[in-house]
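The values are calculated or read from the model by the stated rules, or taken from the named source; none is laboratory data. These numbers come from a predicted model, not from an experiment. Ideal geometry is used to build each Cβ from the backbone, glycine not excepted, and the neighbour counts take in all protein chains shown. Each accessible area value is taken on the protein alone, full model and side chains, heavy atoms only, with ligands, DNA and RNA left out. Shrake-Rupley method; radii C 1.70, N 1.55, O 1.52, S 1.80 Å.
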Amino acid sequence: MIREPLIFEISGKGKRAFSLPELDVPSREDILQGLPVRENIEGFPQVSEVEIIRHFTRLSKANYCVDEGFYPLGSCTMKYNPKINEKIAAISEFVLSHPYAPFDLVQGNLGILKTTEELMNEITGMDAFSFLPAAGAQGELVGMMLIRAYLEERGNPRKIVLIPDSAHGTNPSSAHICGYNIQEIESNEKGTIDISSLEQNMTEDVAALMITNPNTLGVFEADIKKISEIVHAKGGFVYMDGANMNALVGICRPGDMDVDVIHLNLHKTFSTPHGGGGPGSGPVGVKRELEPYLPLPTIKKSEDKYILDFDRPKSIGRVRSFFGNFLVVVKAMVYILSLGPRGLKEVSEIAVLNSNYVRKSLEKDYFLKYTTPTLHECVFSDKFQKKHGVQNIDIAKRLIDFGVHPPTMSFPLIVQGALMTEPTETESKRDLDLFIDAMKQISKEAKENPEIVKSAPHSSYVRRLDETSAARSPVLRWVEKK
Ligand SMILES: *Cc1c(COP(=O)(O)O)cnc(C)c1O
């Protein structure tokens, strides 16, 4: 195992990664006089070219990524991202186009945003999209703000947002930041929304229901039409968290299920690498009646030109500078167009098939609290292994020794000791089998040799960390254990 020092520890006085020819014109030190020029950065590392390249190459190898192996993080849709998307997004005309360029000069870019909007309308059955939100969570907040603006204009913003107990944590936070109180809706024994609980809680104080479909257990809310009807009957809105669109694209459309607002995660369903901190994109789609409230600006076609429309008095205003994360939208568009309608449908079909293959292969080894058939992800738990003192975190860490990234842990909250697994469509049968074999082996170890699981990982760059202090007070220097 390499013990990579800090770049400061490699540093040596006078080392350089470049050499410039001698000046052949008189030197003019006076030009910058009076300007706040930094002369010296204390302790700035001085390294040669080969040292800097090797340092960062070694560090990059210590990192796991989706180009290296399987990444079954449930709810996150960590699919392999085709390189054509990156290639096109890296075309210099896109990369260099200036966000302040007059719109006459970026007609192509505006055309891409408009085309992608039309593609998303078609895929989701919504009427309009804004690509400004920079992530799913911001999309949720914007969605809630649209609903609030609509209701406020009619005299009463209402007080409550209903959220199922299986929801992603961002749902209640977004609704709360938007000024709403949260009322939790219990799931029934199938893991879906309990209709009678919804009926009881759906009053004229409720602004919206935030629903994830398929939900975070991977179960399709088959009663969605009925659910929408109950919410609409009391004048509320149906907000759909679209993070799980990977199970639906090309097969069915939230708009047809009477959903009023949705956010998508381009960095999940529509192929942009994520997990390293972005950039992401969480576009928000709405039905016609909420369109006037969309954030500024929207893009409009006027005669033969795309223009930015700021003249929208009902809009909730600016939510993000410029056009959002434009290059992520380029990647999503390339992804959609390169697959085509048939290809997109196949994405969902294979994602669901892969997930069910994993679920059926492991159902004897890992406890499934909900046995309802699932779509693109499934949620195991550590219940069988707990008998031997082995918990979900131990299983997750042991997977690292088998070259697999751990699945999502301890979410959704309604499954104790959850291991939420989403294989996505991009994994081959061979890679799925490697994962299944590793999980079976770990379940066997939990019975026969629990210590090896509880002390994992054994093969990684660092061993098991105290995750709280690792985040709060990281130790960035390699310290040999005495
Ligand atoms: C990822 C996710 C979100 C939040 O999206 P971000 O882009 O991470 O902000 C919301 N809901 C669900 C179900 C998710 O999986």
Filter result (exposed (fewer than 12 other Cβ atoms within 10 Å of the Cβ) and within 13 Å of Leu6 (Cβ to Cβ)) within region 45-56
none
Taking Ser130 and the conditions (1) over 20 Å from Gly275 (Cβ atoms); (2) away from the ligand (no atom under 16 Å from the Cβ); (3) out of contact with any helix residue (DSSP H, G or I) (no Cβ under 6 Å at 6 or more places or on another chain), which numbered condition does it fall short on, given that it satisfies the others?
(2)
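Lys360: assigned by TED's automatic domain parsing to the domain that holds Leu413 and under 21 Å from Lys429 (Cα atoms), yes or no?
Details: assigned by TED's automatic domain parsing to the domain that holds Leu413: yes; under 21 Å from Lys429 (Cα atoms): yes.
Yes, satisfied.
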With the condition kept exactly as written, say whether any residue in region 220-243 is part of a loop (DSSP other than H, G, I, E, B) and within 15 Å of the ligand (Cβ to nearest atom).
yes
Residue satisfying all of: in region 171-191; within 15 Å of the ligand (Cβ to nearest atom) and touching a residue at least 60 places away in the same chain (Cβ under 8 Å); farthest from Val161 (Cα to Cα) among these:
Gly191
Quick one: how many residues across region 266-291 are in contact with a Pro (Cβ under 8 Å, 6 or more places away or on another chain) and open to solvent by 10 Å² or more (accessible area, probe 1.4 Å)?
1
All but one of (1) open to solvent by 20 Å² or more (accessible area, probe 1.4 Å); (2) assigned to a helix (DSSP H, G or I) hold for Leu432; state the number of the condition that does not hold.
(1)
Is one or more of the residues making up region 323-337 free of Cβ contacts under 8 Å to residues at least 40 places away in the same chain, among the small types (Gly, Ala, Ser) and in the same structural domain as Ala89 (by TED's automatic domain parsing)?
no
Among strands (runs of 3 or more DSSP E) lying entirely in region 136-214, which contain 2 or more residues that are open to solvent by less than 10 Å² (accessible area, probe 1.4 Å)?
160-164, 206-212
I'm trying to understand the selection: among the residues of region 368-385, which are without any contact (Cβ under 8 Å) to a residue 40 or more places away in the chain and either in a helix (DSSP H, G or I) or buried (at least 19 other Cβ atoms within 10 Å of the Cβ) (or both)?
Ser381, Asp382, Lys383
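Please work out if Gly255 is assigned by TED's automatic domain parsing to the domain that holds Arg154 and assigned to a loop (DSSP other than H, G, I, E, B). Spell out the reasoning first.
Values: assigned by TED's automatic domain parsing to the domain that holds Arg154: yes; assigned to a loop (DSSP other than H, G, I, E, B): no.
Answer is no for this residue.
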Filtering region 322-359 down to residues that are closer than 30 Å to Met439 by Cβ and among the charged types (D, E, K, R) yields Lys345, Glu346, Glu349, Arg359
